[in-house]
């Protein structure tokens with residue numbers, strides 16, 4: 001197959017139904033109640049013919065989940081092949097896990113790029129932008145946090161004002177503490 005730079009730069013969006021199906025699959029796998037509740041809400045605002053718009057996402061409708069939410073704006077810069085992600089909202093649990101101010105900062109400025117694992121939060125969001133499809137993961141942390149966690153469960157979900165072009169990513173992130181930390 002021949003590599004086409006123009007094709008590589010154009011997001012290969014899947015039909016919105018694929019994202020909705022991924023949301024349902026993640027909902028069935030989700031272990032923590034906050035993650036399940038978030039996925040229920042996201043699925044509920046997701047139209048069948050398009051991705052949900054940022055304006056459809058109302059944080060006031062899910063106040064119990066706010067400590068675990070992150071809203072990142074997708075910033076496309078002229079001449080850049082990949083977008084950057086500016087944190088617009090970061091819940092208290094997320095801020096505590098990273099122990100640094102997040103709001104208004106770009107994700108690539110926050111991540112310690114000298115660590116190989118620091119690219120995971122950026123690369124996973126690039127995948128959401130390129131595919132127009134949410135990502136769900138549960139397992140051992142793949143990056144360092146200020147505290148040790150036994151498990152991290154998250155979903156990065158696309159939002160698109162025009163229903164197609166991902167312009168925001170809303171994430172739920174749940175950190176499960178090690179037993180020795182809470183015991």
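Is there any pair linking a residue in region 139-164 that is over 16 Å from residue 122 (Cβ atoms) to one that is at pLDDT below 50 and loosely packed, with under 15 Cβ neighbours inside 10 Å, with Cβ under 7 Å and at least six apart or on different chains, and which?
147/181; 148/178; 148/181; 149/178; 150/178
Are there any pairs, at least 6 apart or on different chains, whose C-beta atoms fall under 7 Å, with the first in region 64-78 and free of Cβ contacts under 8 Å to residues at least 40 places away in the same chain and the second in a loop (DSSP other than H, G, I, E, B) and surrounded by 12 or more Cβ atoms within 10 Å (Cβ to Cβ), and if so, which?
These pairs meet every condition: 66/91; 67/91; 75/83; 76/83.
Report yes if residue 77 is in contact with a strand residue (DSSP E or B) (Cβ under 8 Å, 6 or more places away or on another chain), exposed (fewer than 12 other Cβ atoms within 10 Å of the Cβ) and either within 16 Å of residue 167 (Cβ to Cβ) or at pLDDT 95 or above (or both), otherwise no. Quick ask: steps written out before the conclusion?
Details: in contact with a strand residue (DSSP E or B) (Cβ under 8 Å, 6 or more places away or on another chain): yes; exposed (fewer than 12 other Cβ atoms within 10 Å of the Cβ): yes; either within 16 Å of residue 167 (Cβ to Cβ) or at pLDDT 95 or above (or both): yes.
It is true that residue 77 is in contact with a strand residue (DSSP E or B) (Cβ under 8 Å, 6 or more places away or on another chain), exposed (fewer than 12 other Cβ atoms within 10 Å of the Cβ) and either within 16 Å of residue 167 (Cβ to Cβ) or at pLDDT 95 or above (or both).
If you scan region 41-62, which residues turn out to be under 16 Å from residue 18 (Cα atoms) and in a helix (DSSP H, G or I)?
Hits for region 41-62 are 42, 43, 44, 45.
Counting only residues that are surrounded by fewer than 17 Cβ atoms within 10 Å (Cβ to Cβ) and in a strand (DSSP E or B), which one in region 150-175 is modelled with the lowest pLDDT? Show your work before the answer.
Our first condition is that a residue be surrounded by fewer than 17 Cβ atoms within 10 Å (Cβ to Cβ); within region 150-175, this holds for 150-151, 161-165.
Now restrict to residues that are in a strand (DSSP E or B): 150-151.
Working: 150: 51, 151: 67.
Filtering region 150-175 for residues that are surrounded by fewer than 17 Cβ atoms within 10 Å (Cβ to Cβ) and in a strand (DSSP E or B), the one modelled with the lowest pLDDT comes out as 150.
The values are calculated or read from the model by the stated rules, or taken from the named source; none is laboratory data. Not measured: the values here are computed from a predicted model. Every residue, glycine among them, receives a Cβ derived from its backbone with ideal geometry; neighbour counts consider all protein chains shown.
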